[in-house]
Amino acid sequence: MVQSKFQQAIIYGKTATADPAIKALYAKKATAGQSAFNVAVADFFNAPNIQEIDISAYTGQVGSLIRVRATDDFNVADVFVHITNADGSLVEEGAALLQSNGVDWVYTATKQNDSFAGDKITVTVTDIPRNTTVEEKAM
């Protein structure tokens with residue numbers, strides 16, 4: 001299992017550094033004695049973290065906000081928010097937008113949700129190697 005994961009990391013590192021744009025991102029993070037390849041391989045092994053899901057500004061109204069604080073050892077690529085009713089039916093879903101501080105992502109509600117008691121907010125955070133972390137929060 002460990003050997004297989006390491007092989008996957010090596011393949012990812014080679015693929016990532018073959019793309020000039022991604023290689024440049026990893027090269028910026030490299031310190032003395034490291035290469036972009038080394039940083040990419042390390043990134044492959046680390047999934048992003050969800051520090052906080054703040055639903056205090058979510059009122060069920062169009063335009064209300066859900067804030068997610070997400071970090072990664074390298075870079076969070078995207079944050080996706082999924083809102084379901086207590087019965088499991090989908091209310092809405094979509095991408096959150098990165099804020100200027102570089103760690104907060106904000107999702108803006110696009111659908112009216114009149115009865116959000118018992119609803120569930122599911123947040124999926126993904127990094128560049130496509131590692132994901134999922135967390136749910138009940139309303």
All positions within the range 57-92 that are assigned to a strand (DSSP E or B), among the acidic types (D, E) and crowded, with 17+ Cβ neighbours inside 10 Å: D78
State which residue is modelled with the lowest pLDDT when the search covers only the range 95-132 and only residues that are of a type in the set (S, T, Y), farther than 22 Å from K29 by Cα and surrounded by fewer than 17 Cβ atoms within 10 Å (Cβ to Cβ). S115
I need the full set of residues from the range 93-107 which are over 13 Å from I121 (Cβ atoms) and assigned to a loop (DSSP other than H, G, I, E, B), in order please. Q99, S100, N101, G102, V103
Exactly one condition in (1) modelled with pLDDT under 95; (2) out of contact with any helix residue (DSSP H, G or I) (no Cβ under 7 Å at 6 or more places or on another chain) is false for V79; which is it? (1)
Log entry, pairs with first residue in the range 4-30 being touching a residue at least 60 places away in the same chain (Cβ under 8 Å), second being polar (S, T, N, Q), beta carbons closer than 8 Å, six or more apart or on different chains, reads L25/N75
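The values are calculated or read from the model by the stated rules, or taken from the named source; none is laboratory data. What you see is a predicted model, and the numbers here were worked out from it, not measured in a lab. Virtual Cβ from ideal backbone geometry, glycine too; neighbours counted across all protein chains shown.
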